[in-house]
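The values are calculated or read from the model by the stated rules, or taken from the named source; none is laboratory data. Quick caveat, the model's predicted, so the values are computed rather than measured. Every residue, glycine as well, gets a Cβ built from its backbone with ideal geometry; the counts of neighbours run over all protein chains shown.
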Amino acid sequence: MNKVLPNSDLQALCVEAEAKGVALSDLESICSEFGVSPETVLNELSITVAEGYLSESLSYDFCDGVMNGIANAIFDLGMASELPQPAFALYQAFDLGEWVRSSDSPDTDPGEKYTTPTVLEILRDFER
């Protein structure tokens, strides 16, 4: 996927999403400015978060916060059409790391055990 949005805009949107959440209506100005759909914004943002997580330049907690912060926008978009992909799949991947399962040892890092391989698979499949 070729990115349309500048990294500075994606980073600012990440910070906003993590801090207070982003609604679909909050994306109108960036969509208008760059002539893209909300689906494109959400997908590019999600890929940026996933890549930052995998490169360890962004923490799991921050990435999970961003993905939770855009969840309503993802779901609202899905109400009108299909859920944006890979944004929805990446949202689910970060959700997998939110808790330790009863079958895991107490020192298990659920982000590392569940989120990392899922994010790798999603990005690999998406790039095909």
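The table below gives the values:
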item	result
Test for Asn7: is it touching a Ser or Thr at 6+ places or on another chain (Cβ under 8 Å) and within 20 Å of Glu127 (Cα to Cα)	yes
Verdict on Glu39 being closer than 13 Å to Met67 by Cα and either assigned to a helix (DSSP H, G or I) or modelled with pLDDT of 95 or more (or both)	no
Condition check for Ser59: more than 18 Å from Lys3 (Cα to Cα), modelled with pLDDT under 95 and among the hydroxyl-bearing types (Ser, Thr, Tyr)	no
Members of region 42-62 that are surrounded by fewer than 18 Cβ atoms within 10 Å (Cβ to Cβ) and either in a helix (DSSP H, G or I) or in contact (Cβ under 8 Å) with a residue 24 or more places away in the chain (or both)	Glu51, Leu54, Asp61, Phe62
Any hit, region 82-89, residues being modelled with pLDDT under 95 and either farther than 21 Å from Ile122 by Cα or among the hydrophobic types (A, V, I, L, M, F, W, C) (or both)	no
Some residue of region 90-111 being closer than 12 Å to Asn43 by Cα and either within 14 Å of the chain's Cα centre (by Cα) or modelled with pLDDT under 95 (or both)	yes
Checklist (1) surrounded by 13 or more Cβ atoms within 10 Å (Cβ to Cβ); (2) in a helix (DSSP H, G or I) applied to Pro84, failing item	(2)
Test result for Glu18, more than 16 Å from Leu123 (Cβ to Cβ) and crowded, with 16+ Cβ neighbours inside 10 Å	yes
Pairs, first at pLDDT 95 or above and hydrophobic (A, V, I, L, M, F, W, C) in region 9-21, second crowded, with 20+ Cβ neighbours inside 10 Å and part of a helix (DSSP H, G or I), C-beta under 6 Å, six or more apart	Leu10/Leu45; Leu10/Thr48; Leu13/Leu45; Cys14/Val66; Ala17/Val66; Ala17/Gly69
Residue in region 95-107 that is touching a Ser or Thr at 6+ places or on another chain (Cβ under 7 Å), in a helix (DSSP H, G or I) and crowded, with 20+ Cβ neighbours inside 10 Å present	no
Looking only at region 21-35, and only at residues there that are of a type in the set (A, V, I, L, M, F, W, C) and closer than 12 Å to Ile70 by Cβ, the one that is surrounded by the fewest Cβ atoms within 10 Å (Cβ to Cβ)	Ala23
